[in-house]
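Beneath this line is the structure, given in structure tokens, with notes to follow.
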Amino acid sequence: MTNAIRFWLGNAPCTVTGPEAAMSLLDWLRLNRARTGTKEGCNEGDCGACTILAVRLDADGETLVWKALNACIQYVYMLDNTQIFTIEDLAGGYPAGNAAAPALHPMQTAMIDHGGSQCGFCTPGFIMAMTAAATDPATGGPDALSGNLCRCTGYAPILRALEEATPATKAWADTLGTTIRDRLRALDRTTPLHIDAGATRIDIPRTADQLAELCASHPDATLLAGATDIGIWINKGGRTLPHVILTTTATDLNTIREDDVGLTIGAAATWEQALPALTRLLPAAEPTLRRLGGRQVRAAGTVCGNIANGSPIGDGPPILIAANATLTLRHGNSRRTLPLEDYFIDYGKQDRRPGEFVEAVHVPHQPESLFRTWKISKRHDQDISAILCACRLTVTDGLITDARIAFGGMAATSKRAPRAEAALTGTPFDATALARAQDAITQDYAPISDFRASAAYRLTVARNLMTRLHHAHLGQEESVHA
Amino acid sequence: MLERSPKPVVEKPTLHESAALHVTGTATYIDDLPEPRGTLHLAPGLTRIAHGRLVSMDLSAVRAAPGVITVLTAADIPGQNDTSPIGAHDEPLFVTDSITSEGQILFVVAAETRAQARAAVRRAVVETETLDPILDIDTAREARAPCAVPGRTMTRGDAEAAIAAAPRRLSGRIVMGGQEHFYLEGQAALALPGEGPEMIVWSSTQHPTETQAMVAHLLDVPANTITASVRRMGGGFGGKETQANQTACLAALVAHHTRRPARLRLDRDDDMVMTGKRHDFAIDYTVGFDDDGKIHGVDMLLACRCGWSADLSGPVIDRALTHADNAYFYPAVRLRSLPLRTNTVSNTAFRGFGVPQGALAAERVIEEIAFATGLDPNTVRLRNVYENGQLTPYHMTVEDSITAAILTDLARRCGYDTRKAALRASNAKAAEEGRVLRRGIAMTPVKFGISFTATHYNQAGALVHVYTDGSVQINHGGTEMGQGLHTKMMQVAARVFGLPQSDIRLTATTTDKVPNTSATAASSGADLNGMAVLDAATKIRDRIRDFAAERYNADPGTIRFHNSEIHMETGQGTLVESFAAVVRQAYLARVSLSSSGFYKTPEISWDPATGRGHPFYYFAYGAACAEIVIDTLTGEYRIDRVDILHDAGLSLNPEIDRGQIEGGFVQGAGWLTMEELVWDKKGALRTHAPSTYKIPTAFDMPRVFNVALLEDVPNRKATIFRSKAVGEPPFALAACVLFALSDAVASLDDHRTCPRLDAPATPETVLACIERLRAGKSATGHGTKIEVPATDADPVRDPVG
């Protein structure tokens, strides 16, 4: 059994083991590799100054997946089988020795030409995020920059640079494809790893079965997927995790299956991967799904991790609850499936038994229905919701036959609104029903005040979102986010 | 009308001097400096209560932690335990007894690695006695808490009588929040001990001379032993004018005791909890006016939260007073300040330095008059803008006012009148149809006084060397924080010598090259240092010219430095020699090719005791118009369009100035909309990281953003190439965003009531304002204060599990 993490940093193959493997990627780059172009702005995945580019082989062994990741909340042990690039790898052309390559990467040139840097500290992170975005035709404009903060420029020149350099950057990525594919194929991808990193023991399974066995035999271990939350426990809470088991390396869980029952999202699938399939199933949810973290967070964080974590302000659960999703939990070789809403018991308490892990979430095909999700926060992108509302109304012959309404940020868990649902069920969605639903919603929840919003605001908005739902029903919905 | 320049003298736009370094990740910030052998890494231990007393501190477990080399406290300071930048002696580096804010420093740990230092800090056993904290303006006023610095009154005429005699009068209050700088590079310093008492401190500071002085008196050594140096900062915005000092002092103290290099880069959360922010204000106003919207008299009381020490609160609130007129003439006026001491972080400089706060109150007064009279706010503005010859509240005669022209020009360019009419119609239609979106538009000007109010700060030095190969090195007292100052300074030298910018090298700002410098602040960097660079470079150029005249028998009056060459008219006709060749000859002829330069701003004076004088050399002007749309169900909004017309004189670098305008505006819009600082009831800052404190992202910039510089209008004053300062004024332009939001809210009762929308206008604040208007209540609310209980766990600050 191998016991070292292997990956490529630019043109250098790297093998890391021992305590070094438990370092954050950012610290490792800056302290151990003197790659100081990658900056620390916040050390919690919220500013993007540490953004690096990561390339992985998809489950098909062929497709390359390019991601922008926050190096501060990635740990070296998460990099096995990965090609990473930092800002230092862009200039001078790539692969090395290509004399025809320009001295600067097209994205770098564009940033200079458009005056995209002022203090320059956030610039490398922006360029890496922009380079990743250029490889993804579905992303552009502000969404491509949703995980990066700049305090100097006001963003206009950066957006202009992104637009200008996207085609050349896509071409740049294409020329690297073969080299990277060969490198990643040559890395061992199939054996589980066990790393003794001093204070932390790390298990890296390769299959769901291996993961199941590890979980069952080590029920106290911390299951780690994208580390978008656990990274903050470590970096900010000063926590040392005695035992970590990775879930995202089980390649047979890195699946998004669409069949006649619906959509099954495996434990290893990230939000970025799931977005297209989720959007096909829940087209109306796309604007909200795109506001779930910035791009780097969506590239690292998994759908199942967002659920398993049990945060009352996770954006995934209310949307999935409204869509009547179910969850598969696995212990060893036994599995049980439960409605997603039943998984959340209380604040910090989920129905996950010792040794179990969330293996998949299933979203059924949706009935003909009115589906809406709304996220209310101080900032549009990369903010935690003050309120997240998801509703599904099934209307048959003018009567609401089924209502599913779930909120995040309104209670200790993501929670349905039984009184409001009852107020709407079996009635036409008229002014009377609306008024009843509005009153009911204030009975369904007793939110708290925190720095994101007051309890009063949360309740008022919850009421008003029933109005918005009514407007949607009437085809008159309006939003400033359009 | 606007005075046009006969000939364009604006330089061709040049890149930011560090752009290529920025984009390749090779621009060096403090934490990127290569590590000298034996470097120690530091972490501070901080107070976790806002008010009380330190009873005991057991640091034995900290000292015993792995990798820890030393732990230092106040007892280890050889000199003064004081970092007050104004000599108020109210800002100890380390707490010794009294705790007056969360985030004060108890001790500092030095360890072999940063991770070890941070882990060790958590082992401290600290016992404190807690007292009730005074956290905000209202509580401080009720408690009659002492002021952080003395309040001041600025008067001209008899405001009370003028208001009483005016046909109409009204009173109100505007409340506006503070703001975290959120420079992307946090506070950082590296101290390297040298021979004897010598020490070099690399610090991310806007004010190296002050950092040098603080370290010197901390260590009780003369200033000539300490060198403070900074090549660039990853953002400053005022947050590193004084706030860099404590980080530098901690590093220096450890280096002093251990004789090892010591590095400290604050964790972001510590940085946000420890360092001062923009002052939040509550401003009470009474105005007397007439039916034409003309102001007769103004009385304002400007209260602000200073935090636990004076820091720069005095000058900040003075600047709020001097700009509480924004661009408007108050025939009679009384302005009073109330700088309140509170048990919160000590507020400090932030881009605009009190101007945005004072100007916002002036714009609210204009808005109130517009609602009261039914006039368009722009009409009210134009009826009250300064005419040349009128006196400010501080008795300075305005001589360069172009506000009316800029407002009129911008209104025409952006179609204000037509668009406003269309928005009103669309709002009316939306109301009829029961729709929820409402639109608003507003235009605000800015008139920004340029110069430090502390007159002695208005001086600068530079040092220029020409080497024998013809290359030039320049150095000056200003610091680079992204604003492009160094680029502009290189342009100045390049122009004097007729060289391309690539032949000019600019080196780190260092107190051993140019001493006794002023903070790079007050937008003055280019004005002051540009003239000093010009002075130094011109001296050398003149020496080279005189030498060339003699050597080549040329008429000195004909000698031109151009295109890396020196052109001369001699008896034998035109002679062209390369700059480098002539320089080499000059060297051989023993001509000095090095010079210092100096500049002091003329004409200015200021008497803080009377609040009168001529504190500003000139004013920078601008105007902006914002159009927004709000959702009346949730209070959410977006900025659809912004048009800006800004006065940078004859811009030294239009591309860089445009960057300052766009960036300043977006930062200002952040202050007025989403950026909200929340302290809980015990005085713990709950918005101490970007996860909880939200600055604008790319999505939040205006959908349409038109920025224009006023063209061909030179500064009337003899500034560097007739340019104007541009760092801060655009920040205040963002006021139009708040008033556009207010305009949209006001549509809910048909513009009968001034919504009195306060800042930050988060969706919650906007919705509360909407609900007030809907309920038909006269708008008496002041913002929405979220009461945050202190008991709920903070997963970031409290160690988990």
Exercise. Return the whole-Å distance between the Cα centroid of the range B:13-84 and the Cα centroid of the range B:504-574.
Key: 40
Exercise. Add +1 for every Lys or Arg and -1 for every Asp or Glu among the other residues with Cβ under 15 Å from the Cβ of B:His567, and state the total.
Key: 0
Practice problem: Take A:Asp315, A:Asp27 and sort them by solvent-accessible surface of the protein heavy atoms, 1.4 Å probe, largest at the top. | Solution: A:Asp27, A:Asp315
Exercise. Please work out the Kirkwood hydrodynamic radius for the range A:106-208, using every pair of different C-alpha atoms, and report it in angstroms with one decimal place.
Key: 16.0
Quiz item: Quick one: Karplus J couplings for the range A:187-192, per residue in order, coefficients 6.51, -1.76, 1.60, θ = phi - 60°, nearest Hz, x for Gly and Pro?
Solution: 6, 5, 10, 10, 8, x
Quiz item: So how much accessible surface do A and B hide from each other in total, probe 1.4 Å, in square angstrom to the nearest 100?
Solution: 6500
Quiz item: Ordering A:Trp28, B:Trp202, A:Trp66 by how much accessible area each has at a 1.4 Å probe, largest first, what is the list?
Solution: B:Trp202, A:Trp66, A:Trp28
Self-check item: Accessible surface, per residue, of the protein assembly as shown when the full set of protein chains is kept, probe 1.4 Å, Å²
Solution: 33
Quiz item: Simple spin-label model, 7 Å along Cα-to-Cβ: B:Arg590 to A:Thr190 in nm?
Solution: 8.4
Quiz item: How would B:Leu338, A:Leu149 line up by accessible area, probe 1.4 Å, largest first?
Solution: B:Leu338, A:Leu149
Quiz item: Tell me, what ³J(HN,Hα) does each residue in the range B:72-77 have, in order and in whole Hz, if you take phi through Karplus 6.51 cos²θ - 1.76 cosθ + 1.60 with θ = phi - 60° and put x for Gly and Pro?
Solution: 10, 9, 4, 5, 8, 7
Practice problem: Please report how far the C-alpha centroid of the range B:594-611 lies from that of the range A:1-72, rounded to the nearest whole angstrom. | Solution: 52
Practice problem: Step through the table entries A:Lys378/B:Lys240; B:Lys600/B:Lys717; B:Lys539/B:Lys600, compare each Cα-Cα distance with 19 Å, and write down the pairs that go over it. | Solution: A:Lys378/B:Lys240
Practice problem: Calculate for chain B the 222 nm mean residue ellipticity that helices alone would give, adding -39,500 (n - 2.57) per DSSP H run of length 4 or more and normalising by residue count, nearest 500 deg cm²/dmol. | Solution: -9000 deg cm²/dmol
Quiz item: For B:Glu565, which sequence-distant residues (separation of 5 or more, or a different chain) have an amide H within less than 5 Å of its own amide H, given hydrogens modelled in the peptide plane?
Solution: B:Phe579
Quiz item: What residues qualify as long-range amide H neighbours of B:Leu650, i.e. H under 5 Å apart, gap of 5 or more or another chain, H built at 1.01 Å from N?
Solution: B:Asn715, B:Ser723, B:Lys724
Quiz item: Among the residues of the range B:183-218, which ones have their accessible area go down by 50 Å² or more when all the protein chains sit together, as opposed to their chain alone (1.4 Å probe)?
Solution: B:Leu184
Quiz item: Accessible surface of B:Phe721 in the full protein assembly, 1.4 angstrom probe, to the nearest 10 Å²?
Solution: 50
Quiz item: What number, in percent, do you get for the relative contact order of chain B if the mean sequence gap of Cα pairs under 8 Å and at least 6 apart is divided by its residue count?
Solution: 15
Quiz item: Quick one: Cα centre-to-centre distance for the range A:425-482 and the range A:240-266, in angstrom?
Solution: 34
Quiz item: In whole percent, what relative contact order does the range B:221-362 give with Cα contacts below 8 Å and a gap of six or more residues?
Solution: 28
Quiz prompt | Volume of the Cα convex hull of chain B, divided per residue and given in Å³ | solution = 164
Self-check item: Spacing of the two label points (7 Å from each Cα toward its C-beta) at A:Gln476 and B:Ser578, in nm
Solution: 7.8
Practice problem: Let me know the Kirkwood hydrodynamic radius for the range A:1-190, please, with Cα pairs as the basis and the value in Å to one decimal. | Solution: 16.7
Practice problem: Would you calculate the separation in nanometres between label points at B:Thr397 and B:His567, each defined as 7 Å from the Cα along the Cα-to-beta-carbon direction? | Solution: 4.2
Self-check item: Phi-based couplings in Hz for the range A:73-88 (Karplus 6.51, -1.76, 1.60; Gly and Pro marked x)
Solution: 10, 10, 10, 3, 5, 8, 9, 3, 6, 10, 9, 10, 10, 10, 4, 5
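On alpha carbon coordinates alone, what is the Rg over Rh value for chain A, Rh being the Kirkwood radius?
0.98
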Self-check item: Kirkwood-Stokes translational diffusion coefficient of the range B:515-658, alpha-carbon pairs, 10 °C, 1.306 mPa s, µm²/s
Solution: 78
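What is the percent carbon and sulfur in the accessible area of chain B, measuring with a 1.4 Å probe over the protein chains and ignoring ligands? Working shown, then result.
Working: 13400 of 26280 Å².
Carbon-and-sulfur percentage of accessible area, whole number: 51.
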Quiz item: Excluding ligands and nucleic acids, what accessible area in Å² is computed for A:His194 using a 1.4 Å probe, to the nearest 10?
Solution: 50
Exercise. Report, by chain and number, residues whose modeled amide H sits under 5 Å from the one on B:Gly194, excluding near sequence neighbours (fewer than 5 apart, same chain).
Key: B:Met199, B:Ile200
Quiz item: Using the C-alpha gyration tensor of the range A:313-392, what are the square roots of 5 times its eigenvalues, in whole angstrom, with the largest one first?
Solution: 26, 17, 9
Quiz item: To the nearest 10 square angstrom, what accessible area does A:Ile256 show with a 1.4 Å probe?
Solution: 50
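The values are calculated or read from the model by the stated rules, or taken from the named source; none is laboratory data. Keep in mind that this is a model prediction, so the values were computed, not measured. Counting neighbours? That spans all protein chains shown, and the Cβs are built from the backbone with ideal geometry, glycine included. Side chains included, ligands, DNA and RNA excluded: accessible areas come from the protein's heavy atoms. Shrake-Rupley method; radii C 1.70, N 1.55, O 1.52, S 1.80 Å.
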